[in-house]
Amino acid sequence: MTSPDIRAQLGLRPIINVSGTMTALGASIVVPEAVAAVAAILSQFVEIDDLQRKASAVIARLCAAEAGFVTASCAAAITVGVAGAMTGDNLPAIERLPDATGLKDEVVILAGHMVSYGAPVEQGIRLTGGKVVPVGQATSARRYQLEGAINARTAAAVYVVSHHVVQYGMIPLADFAEIAHAKGVPVLVDAASEYDLRGFLAAGADLALYSSHKFLGGPTGGIVAGRKGLVRAAYLQNGGIGRGMKVGKEGIAGTIAALQAWEQRDHAAVRAAETRALALWMQTLAARPGVTASLEPDPTNNPLDRLRLTLDPQEAHITAWDFADRLANGTTPVIVRDHEIEHGFFYMDPCNLHPGEAAVVAQRLAEELDRSQASNEVVASSFGERRARRYRRMRSWPD
Ligand SMILES: *Cc1c(COP(=O)(O)O)cnc(C)c1O
């Protein structure tokens with residue numbers, strides 16, 4: 001980076017992100033094309049409906065969809081998408097939401113898909129005034145359960161594709177869509193973090209919903225793509241409950257640029273750089289006492305591998321969470337992917353690295369492992385305490 005680091009100006013820690021595209025860490029490195037588009041449009045007046053028409057054409061081309069638009073986030077896309085399925089283009093109904101009186105207001109979703117991506121998926125549905133109807137159990141869902149859950153009041157069926165959801169025992173999307181369509185119910189797919197821009201519509205989704213700021217490297221935004229009538233009904237929510245989820249001109253122009261850049265991106269070169277980072281870390285971790293490292297493909301088939309690092313606290317002299325906390329401290333904080341760390345392992349995601357950062361991460365791994373190894377005590381703080389500390393910190397913000 002040549003420009004001075006704005007984080008120093010703001011008094012923020014210069015973190016290195018090996019956690020993934022996390023909203024709480026600033027999502028992703030916005031691609032230069034999107035940065036330029038955002039900067040170029042900020043000082044101009046535009047007719048937003050026309051800008052969104054341009055976005056629709058680009059989204060339609062990349063997603064093989066009839067139409068699309070940009071909204072504030074994928075979370076917003078879920079809400080306005082479901083709202084559109086409830087109201088259609090009925091403007092008084094749009095202005096009445098979340099009072100859904102007289103509208104179809106039930107939304108089916110597999111119980112195994114009712115996860116939190118930072119907020120509960122189902123809350124984004126309930127914001128419309130719609131009622132969530134869970135289908136099946138946490139780890140299983142069957143055709144007859146979905147068929148039985150759909151009735152004359154069903155407005156939409158929501159399907160989530162994500163590493164967060166239960167990855168087994170669910171109804172495949174194509175079957176889910178076939179069952180919903182047989183009963184005249186549209187299918188919305190939350191594909192916030194999925195690289196595949198076409199597969200979900202091709203598998204039968206009526207709307208596919210993405211984040212602009214994740215794999216695409218766009219500014220904060222969400223993408224709605226799919227059938228024109230439903231896209232329009234979702235778009236019209238901007239005059240209703242969608243207003244509080246407004247995307248600005250910079251979000252729209254930046255998303256258009258990010259999508260165009262995605263088409264041009266040398267995906268093989270990006271993958272090769274990620275593979276080099278993973279290989280360097282594997283090499284750094286090899287033959288260290290109590291350390292097991294392996295590579296794992298992304299659970300939803302995104303073209304991305306992550307390194308899984310498991311620690312045997314007796315051998316490594318430190319638990320996985322204490323190790324992660326040490327990495328996250330110091331002058332070069334490294335933030336790892338720690339959703340399952342109570343099991344004694346964490347992941348390292350190579351998809352958000354600036355040039356040179358992979359080597360810094362390797363150095364930090366070696367430093368901290370050496371330090372633990374050299375000490376005779378086993379660092380093993382209580383995991384429950386760590387969790388409690390995090391909640392206390394969250395609830396005491398901004399202190
Ligand atoms: C990130 C994510 C969201 C939310 O996306 P935003 O664009 O950040 O609002 C929704 N669903 C899933 C599965 C996600 O991973």
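The values are calculated or read from the model by the stated rules, or taken from the named source; none is laboratory data. This one's a predicted model, so the numbers in the text were calculated from it and none came from an experiment. Cβ: placed from backbone, ideal geometry, glycine included. Neighbour counts: every protein chain shown.
Report whether or not Ile16 is over 30 Å from Asn329 (Cα atoms) and buried (at least 17 other Cβ atoms within 10 Å of the Cβ). Quick ask: steps written out before the conclusion?
Values: over 30 Å from Asn329 (Cα atoms): no; buried (at least 17 other Cβ atoms within 10 Å of the Cβ): yes.
Judged against the criteria, Ile16 is not a match.
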*If you scan segment 283-298, which residues turn out to be outside any strand (DSSP E or B), surrounded by fewer than 15 Cβ atoms within 10 Å (Cβ to Cβ) and not small (Gly, Ala, Ser)?*
Gln283, Pro289
*asked:* Quick test of your reading of the structure: Ala24 fulfils all but one of (1) assigned to a helix (DSSP H, G or I); (2) buried (at least 23 other Cβ atoms within 10 Å of the Cβ); (3) within 16 Å of the ligand (Cβ to nearest atom). Name the failing condition by number.
replied: (2)
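If you take the residues in segment 202-242 that are more than 14 Å from the chain's Cα centre (by Cα) and of a type in the set (Val, Ile, Thr), which one is surrounded by the most Cβ atoms within 10 Å (Cβ to Cβ)? Step through it out loud before you land on a result.
Start the filter on segment 202-242 by keeping residues that are more than 14 Å from the chain's Cα centre (by Cα), which leaves 202-207, 224-242.
From the residues that got through so far, the ones that are of a type in the set (Val, Ile, Thr) too are 224, 231, 241.
Values: Val224: 30, Val231: 24, Ile241: 21.
Here the residue is Val224.
Suppose we filter segment 306-324 for residues that are on the phi < 0 side of the Ramachandran plot and crowded, with 19+ Cβ neighbours inside 10 Å; how many remain? Give the steps one after another, and end with the answer.
Here is the first cut: in segment 306-324, the ones on the phi < 0 side of the Ramachandran plot are 306-316, 318-324.
With the extra rule that they be crowded, with 19+ Cβ neighbours inside 10 Å, the set shrinks to 306-307, 309, 311, 316, 318-324.
Number of matching residues: 12.
Residues to consider are Ala60, Ala64, Ala77; find the one that is touching a helix residue (DSSP H, G or I) at 6+ places or on another chain (Cβ under 7 Å) and surrounded by 12 or more Cβ atoms within 10 Å (Cβ to Cβ).
On the way: Ala60 fails: touching a helix residue (DSSP H, G or I) at 6+ places or on another chain (Cβ under 7 Å); Ala77 fails: touching a helix residue (DSSP H, G or I) at 6+ places or on another chain (Cβ under 7 Å).
After applying the criteria, what remains is Ala64.
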*Pull up segment 174-200, narrow it to residues that are surrounded by fewer than 19 Cβ atoms within 10 Å (Cβ to Cβ) and touching a helix residue (DSSP H, G or I) at 6+ places or on another chain (Cβ under 7 Å), then point me to the one that is nearest to Ala258 (Cα to Cα).*
Arg198
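Please tell me if Val247 is assigned to a loop (DSSP other than H, G, I, E, B), in the same structural domain as Gly217 (by TED's automatic domain parsing) and either in contact (Cβ under 8 Å) with a residue 24 or more places away in the chain or out of contact with any Leu (no Cβ under 7 Å at 6 or more places or on another chain) (or both). Please lay out each step first, then the result.
On the way: assigned to a loop (DSSP other than H, G, I, E, B): yes; in the same structural domain as Gly217 (by TED's automatic domain parsing): yes; either in contact (Cβ under 8 Å) with a residue 24 or more places away in the chain or out of contact with any Leu (no Cβ under 7 Å at 6 or more places or on another chain) (or both): yes.
Yes, satisfied.
Please determine whether any residue of segment 357-364 is closer than 19 Å to Ala293 by Cβ, β-branched (Val, Ile, Thr) and in contact with a strand residue (DSSP E or B) (Cβ under 8 Å, 6 or more places away or on another chain).
Step one: list which residues in segment 357-364 are closer than 19 Å to Ala293 by Cβ, which gives 357-364.
The next check asks that each one be β-branched (Val, Ile, Thr); those that pass are 360-361.
Now drop any that are not in contact with a strand residue (DSSP E or B) (Cβ under 8 Å, 6 or more places away or on another chain), which leaves 360-361.
So far as segment 357-364 goes, yes, one or more of its residues are closer than 19 Å to Ala293 by Cβ, β-branched (Val, Ile, Thr) and in contact with a strand residue (DSSP E or B) (Cβ under 8 Å, 6 or more places away or on another chain).
Kindly evaluate Ala76 against the criterion of being within 16 Å of the ligand (Cβ to nearest atom) and either modelled with pLDDT of 95 or more or under 30 Å from Val132 (Cβ atoms) (or both).
Answer is yes for this residue.
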*asked:* Based on this model, can you work out whether Val58 counts as more than 16 Å from the ligand (Cβ to nearest atom), at pLDDT 95 or above and touching a Ser or Thr at 6+ places or on another chain (Cβ under 8 Å)?
replied: no
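Residue-wise test of (1) more than 21 Å from Gly199 (Cα to Cα); (2) within 16 Å of the ligand (Cβ to nearest atom).
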| residue | (1), (2) |
| --- | --- |
| Gln145 | yes, no |
| Tyr159 | no, yes |
| His164 | no, yes |
| Gln167 | no, yes |
| Asp175 | no, no |
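Can you tell me how many residues within segment 83-122 are more than 16 Å from the ligand (Cβ to nearest atom), part of a helix (DSSP H, G or I) and under 21 Å from Leu146 (Cβ atoms)?
Qualifying residue count for the region: 2.
I'm trying to understand the selection: among the residues of segment 208-245, which are of a type in the set (D, E, K, R) and away from the ligand (no atom under 12 Å from the Cβ)?
Initially, segment 208-245 is screened for residues of a type in the set (D, E, K, R), giving 214, 227-228, 232, 243.
Selection gives Arg227, Lys228, Arg232, Arg243.
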*Of all the residues that make up segment 79-103, how many are under 14 Å from Val158 (Cβ atoms) and over 19 Å from the mean Cα position of the chain (by Cα)?*
4
